[in-house]
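The values are calculated or read from the model by the stated rules, or taken from the named source; none is laboratory data. Values in this document were obtained by computation on a predicted structure and should not be read as measured data. Don't worry about glycine lacking a Cβ; one is built from the backbone with ideal geometry, like all the others, and counts go over all protein chains shown. Ligands, DNA and RNA are excluded from the accessible area calculation, which covers all protein heavy atoms including side chains. Shrake-Rupley method; radii C 1.70, N 1.55, O 1.52, S 1.80 Å.
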Amino acid sequence: NFMSADGSHFLRGVEQFNRGEFFEAHETWEALWLPASGQEKVFLQAIIQVAAAFHHWQHGNRRGALSLLRRGMNKLEALPASFCGVRLDRLLRQTGNWVAALGAGQTPHLPLPTIEVDSTSPRQPRE
């Protein structure tokens, strides 16, 4: 389980993502994704794809951004609304707005998405 230790590696990726450091978040999470399995692997692959999509967006690759957002969202939609302490429902709403705008050929005038982590999640270390 990638959250079985203290979750700091995962949370570092969340902080990077929320600062708009999408390439760095992708790299941080990839180290967790490689040994993961099951739903955790799907979850990590999905958020890695979302991070990579916004990295593409930052570098002017609209088509790559849209493709990766759709792929990441498809995976996230198969998971519970809250997974590993992450509010996936919120992330899906935010990325869905981007997909709608990009899919319509519009330039999104939207804030970049952020990942909200539930601080009371069981992923936190036990005392």
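Pairs meeting the criteria (first residue in segment 104-118 and without any contact (Cβ under 8 Å) to a residue 12 or more places away in the chain, second residue open to solvent by 70 Å² or more (accessible area, probe 1.4 Å) and not in a loop (DSSP other than H, G, I, E, B), beta carbons under 8 Å, at least 6 apart or on different chains) are P108/N97.
On the given criteria, is G38 more than 12 Å from the chain's Cα centre (by Cα) and open to solvent by less than 40 Å² (accessible area, probe 1.4 Å)? Judged against the criteria, G38 is not a match.
If the condition is being within 16 Å of E40 (Cβ to Cβ) and buried (at least 20 other Cβ atoms within 10 Å of the Cβ), then segment 8-26 contributes F10, G13, V14. Kindly indicate which of L66, L44 is open to solvent by less than 60 Å² (accessible area, probe 1.4 Å), in contact with a helix residue (DSSP H, G or I) (Cβ under 8 Å, 6 or more places away or on another chain), at pLDDT 95 or above and closer than 16 Å to H26 by Cα. None of the other options fit; the residue is L44. Within segment 91-103, being over 13 Å from the mean Cα position of the chain (by Cα) and either open to solvent by 50 Å² or more (accessible area, probe 1.4 Å) or touching a residue at least 24 places away in the same chain (Cβ under 8 Å) (or both) holds for N97, W98, V99, A100, L102, G103.
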